[in-house]
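Each remark here refers to the structure printed beneath this line.
The values are calculated or read from the model by the stated rules, or taken from the named source; none is laboratory data. Computed from a prediction, not measured in an experiment: that's the story for all the values here. Positions of Cβ are generated from backbone atoms using ideal geometry, with glycine treated the same way; all protein chains shown enter the neighbour counts.
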Amino acid sequence: MEIFDKYSPLKFLLISLIFAIFIIYPNIAFFSFEHEYLDESKHTAHILYFIFRYLFFSGLIWILLRHNLLKLKSSEFRKRLIHTLILTLITYLIYIGFSVLLSPKPEWYSGMLLFQFFVIFLFCTLIGHVAHLYSEQRRREQEIELLKIENLQSRFDALTNQINPHFFFNSLNGLTSLIRKKNEENTLAYVNKLSDVFRYILQSDKKALVTLEEELSFVQAFSYMMEIRFARKILFSIDIDQRKTELKIPVLSLLPLLDNVVVHNTIDSEHKMVVKIWLNENEELVVSSPIFPKLIPPTTNGIGLKNLESRFSLLMNKHIRIENDGKTFSIYLPLK
């Protein structure tokens with residue numbers, strides 16, 4: 001267990017020696033009485049066996065503690081119980097052998113001895129299990145902190161990667177094209193949609209989860225700009241039951257997916273792109289599009305999907321699914 005690896009064998013031994021005193025306390029209490037009861041010829045053997053008992057129990061505790069804290073990694077209490085019980089039974093049999101050979105009085109069958117072994121077994125098992133649970137909790141907390149950092153990085157990346165000169169100039173190129181055509185109605189609509197897109201992106205750092213309705217409103221504005229930019233050679237089909245639009249989704253979940261469609265596919269008169277967005281029976285938001293690979297694959301770092309997966313894991317404790325059959329690329333986003 002990582003948090004206990006720093007403990008040296010000597011520290012375990014010190015703990016074992018101290019706990020063994022409590023285990024043999026009944027023997028300490030009755031030592032004088034037993035010493036007087038035995039024949040004088042057995043006094044030395046009685047003292048030596050008393051010391052042996054203490055050292056034996058100390059060694060047993062040391063072995064069981066190290067086994068439970070450092071060797072057993074299972075979170076299953078039953079498995080830990082069985083492992084520790086087997087070791088305890090083996091050492092109990094060994095102790096019986098020494099008792100028969102060395103003890104000045106019969107004790108291997110006594111209830112006190114069985115109770116002492118049972119207490120050691122139970123103590124070491126519980127300490128190991130509690131320590132493992134604590135270690136797991138610490139590990140989860142560290143993972144959560146790491147995911148929080150990655151989530152902050154994801155938001156930063158969303159801003160820096162999506163609001164970049166390339167995106168901005170592409171948007172202006174679409175606007176320039178409309179101005180040249182002197183289409184005032186479409187130009188005003190384009191400017192309004194562009195404003196909506198940038199406003200939503202700029203406000204995303206203040207949000208974590210948004211309703212599906214909010215995210216789809218952004219998509220409608222973004223898709224309008226894409227349709228204008230590609231002269232209607234890319235279309236967006238959105239089929240969502242209005243009653244489901246209150247479901248929650250991490251903010252800006254769809255932007256990297258829609259951006260990837262443009263980055264990774266050829267879109268022209270021969271390859272008209274239709275991006276479909278719908279809700280399946282499992283209440284997953286599905287984004288699918290046909291695959292028209294470019295002749296020269298784009299150079300990307302793949303950070304978009306990684307950031308998206310991290311945000312879903314952190315904010316919803318769920319994972320996205322990706323399906324690619326060579327003809328259609330689909331991503332399934334769980335909702336909350």
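Tabulated values for the structure
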quantity: Residue pairs meeting the criteria (Cβ under 7 Å; at least 6 apart or on separate chains; first over 20 Å from residue 119 (Cβ atoms) and assigned by TED's automatic domain parsing to the domain that holds residue 71, in the stretch 87-106; second part of a helix (DSSP H, G or I) and at pLDDT 85 or above); calculated: 102/52
quantity: Residues (part of a strand (DSSP E or B) and of a type in the set (S, T, N, Q)) located in the stretch 244-276; calculated: 265
quantity: Of all residues making up the stretch 193-213, the number that are part of a helix (DSSP H, G or I) and touching a residue at least 12 places away in the same chain (Cβ under 8 Å); calculated: 12
quantity: Tally of residues being touching a helix residue (DSSP H, G or I) at 6+ places or on another chain (Cβ under 6 Å) and under 16 Å from residue 229 (Cβ atoms) across the stretch 191-213; calculated: 4
quantity: Residue within the stretch 90-100 that is at pLDDT below 80 and either over 20 Å from residue 135 (Cα atoms) or among the aromatic types (Phe, Trp, Tyr) (or both) present; calculated: yes
quantity: Matching residues in the stretch 54-89 - criterion: being surrounded by fewer than 18 Cβ atoms within 10 Å (Cβ to Cβ) and either within 27 Å of the chain's Cα centre (by Cα) or in a loop (DSSP other than H, G, I, E, B) (or both); calculated: 67, 70, 71, 73, 74, 75, 76, 77, 78, 79, 81
quantity: Residue within the stretch 259-266 that is without any contact (Cβ under 8 Å) to a residue 60 or more places away in the chain and in contact with a helix residue (DSSP H, G or I) (Cβ under 8 Å, 6 or more places away or on another chain) present; calculated: yes
quantity: Residue 296, sole failed condition from (1) within 24 Å of residue 230 (Cβ to Cβ); (2) surrounded by fewer than 18 Cβ atoms within 10 Å (Cβ to Cβ); (3) touching a strand residue (DSSP E or B) at 6+ places or on another chain (Cβ under 9 Å); calculated: (3)
quantity: Positions within the stretch 277-336 being part of a strand (DSSP E or B), in contact with a Lys or Arg (Cβ under 8 Å, 6 or more places away or on another chain) and more than 20 Å from residue 244 (Cα to Cα), in sequence order; calculated: 289, 290
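Quick grid of which residues meet (1) surrounded by 12 or more Cβ atoms within 10 Å (Cβ to Cβ); (2) modelled with pLDDT of 90 or more; (3) assigned by TED's automatic domain parsing to the domain that holds residue 230; (4) touching a helix residue (DSSP H, G or I) at 6+ places or on another chain (Cβ under 8 Å):
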residue: 247; (1), (2), (3), (4): yes, yes, yes, yes
residue: 285; (1), (2), (3), (4): yes, yes, yes, yes
residue: 304; (1), (2), (3), (4): yes, no, yes, yes
residue: 311; (1), (2), (3), (4): yes, no, yes, yes
residue: 314; (1), (2), (3), (4): yes, no, yes, yes
residue: 322; (1), (2), (3), (4): no, yes, yes, yes
